[in-house]
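First up is the structure itself, then whatever we jot down about it.
The values are calculated or read from the model by the stated rules, or taken from the named source; none is laboratory data. Quick caveat: nothing in here was measured; it's all calculated off a predicted structure. Positions of Cβ are backbone-derived with ideal geometry, glycine not excepted, and every protein chain shown enters the neighbour counts. With ligands, DNA and RNA removed, areas are computed over all heavy atoms of the protein, side chains included. Shrake-Rupley method; radii C 1.70, N 1.55, O 1.52, S 1.80 Å.
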Amino acid sequence: IQGADALLILGKTALTVLGAERGEEGLNRIRGFPFELLGKQAVATHHPAFILRSRRHTETLQSDIGKAFRMREGKLRWTEPEMILDPSLSQLDGALERLSRSLVAVDTETGMGSPERVPLYCVGLGAKDFGICLGFKSKETPPRPFRCPIPLARERLANFFSRAKLCGHNVNVFDRPVLARHGMPLPAYEKVYDTVIAHHVVESEMPHDLDFLSSRYTDAPKHKPVDHEHWTDDMELHKYCITDCAVTAMLAPGFAQSLVDTGQIQVYRSDIRLQELCVGMHRVGMKIDEKERNRHRKRLQLVARKTEAKAIEVLGRTINLASPEQVRALLFDEWGLPWTEENETPSGEASTNRDAVYELMRQALPQTAQLFLQALLDYRQA
């Protein structure tokens with residue numbers, strides 16, 4: 001290591017041996033992002049043995065290796081976007097004019113909770129090389145005064161949204177209701193390109209959070225904290241918001257082209273319509289037919305009893321399918337089934353959640369294990 005000029009770290013064990021923390025800052029938190037370790041530039045990625053068990057991550061490994069070589073050669077394809085923070089009204093007008101010629105990503109930073117109730121701290125707008133962020137509520141103590149009057153900022157942004165070419169990451173589910181509540185409505189759903197929906201269509205089995213997408217498809221450094229409550233400085237929060245916008249604006253054209261290449265534009269459009277319906281249901285609620293609900297409850301209780309009986313028949317003994325501890329002991333202690341670092345609980349134990357069970361079922365398992373796992377999934381679904 002002393003003679004190396006850069007490090008490519010394969011797997012969580014290597015990361016731990018080299019002294020990096022586990023838990024929240026473990027492999028899944030920093031994979032694919034350039035960082036410094038032992039005084040050297042480094043990129044951490046999956047171990048090749050993990051890829052043999054989970055082939056869907058093959059292209060992610062290839063991407064990480066390519067990034068490591070670009071890092072070593074000083075050729076990372078990332079430039080910090082030009083940022084305007086706490087703008088005056090004239091700076092806002094100039095920035096909106098400049099952005100009107102580009103695909104613009106919109107992002108909000110808020111408190112935790114439902115978009116119908118959370119406080120709005122700031123709104124960011126950005127192309128891949130330029131962005132601006134407007135403060136609406138300060139997180140500092142005492143509160144910071146922002147230069148642009150909020151009523152005028154609302155007016156300018158509402159007008160800009162009505163005519164701009166917009167995109168966002170999960171923009172329709174979260175940012176749209178937040179902005180509408182503050183007098184800055186976005187145009188129709190089909191006119192705002194959502195990178196979450198696009199990526200879900202083209203790569204349904206992969207993670208869709210912006211952290212993963214940034215590490216997989218860009219050379220941007222890691223900029224997301226463990227949680228949004230991390231921010232106590234307004235300008236640092238606003239820089240983070242603009243960086244999110246820049247990354248989203250970089251991702252959007254590639255995902256759009258993938259939809260064309262795979263012939264799935266209509267699938268994307270259908271998902272957007274379904275998303276609009278679901279957001280509306282979340283906002284106004286829905287009436288429940290109690291008689292029909294009880295009929296389904298009884299039907300599903302019967303399914304649960306039957307699938308539980310099937311699991312017990314396969315095992316030849318009683319087991320509580322609702323107990324993760326009993327299921328974990330059977331699968332990993334008694335049967336010795338393989339599990340990966342990707343499918344573990346925050347405490348480091350093997351997970352028995354749905355994704356982990358599906359991952360197990362992709363393995364060449366004995367028939368007893370396959371039948372039990374299918375019964376487990378059917379029971380949980382019921």
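Yes/no matrix, rows are residues, columns are (1) assigned to a loop (DSSP other than H, G, I, E, B); (2) basic (Lys, Arg); (3) under 21 Å from the mean Cα position of the chain (by Cα); (4) closer than 13 Å to Asp219 by Cα:
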site: Ala14; (1), (2), (3), (4): no, no, no, no
site: Gly32; (1), (2), (3), (4): yes, no, yes, yes
site: Val43; (1), (2), (3), (4): no, no, yes, yes
site: Leu61; (1), (2), (3), (4): no, no, yes, no
site: Arg70; (1), (2), (3), (4): no, yes, no, yes
site: Trp78; (1), (2), (3), (4): yes, no, yes, yes
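Suppose the filter is touching a His at 6+ places or on another chain (Cβ under 7 Å), under 17 Å from Ile242 (Cα atoms) and part of a helix (DSSP H, G or I); does Leu179 pass it?
So Leu179 does not fit the description; no.
Quick one: what pairs do we get from region 196-225, first residue farther than 22 Å from Arg362 by Cα, second part of a helix (DSSP H, G or I) and of a type in the set (Asp, Glu), C-beta under 7 Å, 6+ apart or different chains?
As it stands, the answer is Ile197/Asp271; Leu210/Asp244; Lys224/Asp211, since those pairs meet every condition given.
Out of all the residues in region 340-358, which are in a loop (DSSP other than H, G, I, E, B) and modelled with pLDDT of 80 or more?
If the condition is that a residue be in a loop (DSSP other than H, G, I, E, B) and modelled with pLDDT of 80 or more, then Glu349, Ser351, Thr352, Asn353 are the ones that fit.
Suppose we filter Leu125, Leu213 for residues that are touching a helix residue (DSSP H, G or I) at 6+ places or on another chain (Cβ under 7 Å), modelled with pLDDT of 95 or more and in a strand (DSSP E or B); which single one remains?
On inspection, the qualifying residue turns out to be Leu125.
Among (1) within 24 Å of Gly280 (Cβ to Cβ); (2) open to solvent by less than 50 Å² (accessible area, probe 1.4 Å), which single condition is Ala127 missing?
Exception for Ala127: condition (1).
Where the second residue is open to solvent by 70 Å² or more (accessible area, probe 1.4 Å) and part of a helix (DSSP H, G or I) and the first is touching a residue at least 40 places away in the same chain (Cβ under 8 Å) and lies in region 143-160, which pairs have Cβ atoms under 7 Å and are six or more apart or on separate chains?
Short answer, once both residue conditions are applied: none.
Across region 205-221, which residue is surrounded by the most Cβ atoms within 10 Å (Cβ to Cβ) among those that are aliphatic (A, V, I, L, M) and within 12 Å of Thr60 (Cβ to Cβ)?
Leu213
Starting from region 65-81, take each residue that is touching a residue at least 40 places away in the same chain (Cβ under 8 Å) and list its partners that are of a type in the set (Phe, Trp, Tyr), counting only C-beta distances under 7 angstrom and pairs at least six apart or across chains.
Sorted first by the residue in region 65-81, then by its partner, the pairs are Pro81/Phe130.
Of the residues Arg163, Arg176, only one is of a type outside the set (S, T, N, Q) and open to solvent by 30 Å² or more (accessible area, probe 1.4 Å); which?
Arg163
Going through region 130-139 one residue at a time, which ones are modelled with pLDDT of 95 or more and open to solvent by less than 60 Å² (accessible area, probe 1.4 Å)?
Selection gives Phe130, Gly131, Ile132, Cys133, Leu134, Gly135, Phe136, Ser138.
Being of a type in the set (Ser, Thr, Tyr) and more than 25 Å from Glu190 (Cβ to Cβ) is the requirement here; does Ser114 meet it?
It is false that Ser114 is of a type in the set (Ser, Thr, Tyr) and more than 25 Å from Glu190 (Cβ to Cβ).
I'd like to check something: does region 245-253 contain any residue that is modelled with pLDDT of 95 or more and open to solvent by 30 Å² or more (accessible area, probe 1.4 Å)?
Yes: region 245-253 contains one or more residues that are modelled with pLDDT of 95 or more and open to solvent by 30 Å² or more (accessible area, probe 1.4 Å).
For region 259-318, which positions are charged (D, E, K, R), more than 30 Å from Gln370 (Cα to Cα) and either open to solvent by 100 Å² or more (accessible area, probe 1.4 Å) or assigned to a helix (DSSP H, G or I) (or both)?
Asp261, Arg269, Asp271, Arg273, Glu276, Arg283, Lys287, Glu290, Lys291, Glu292, Arg293, Arg295
Quick one: which of Thr352, Thr340, Thr345 is surrounded by 12 or more Cβ atoms within 10 Å (Cβ to Cβ) and touching a residue at least 40 places away in the same chain (Cβ under 8 Å)?
The match here is Thr340.
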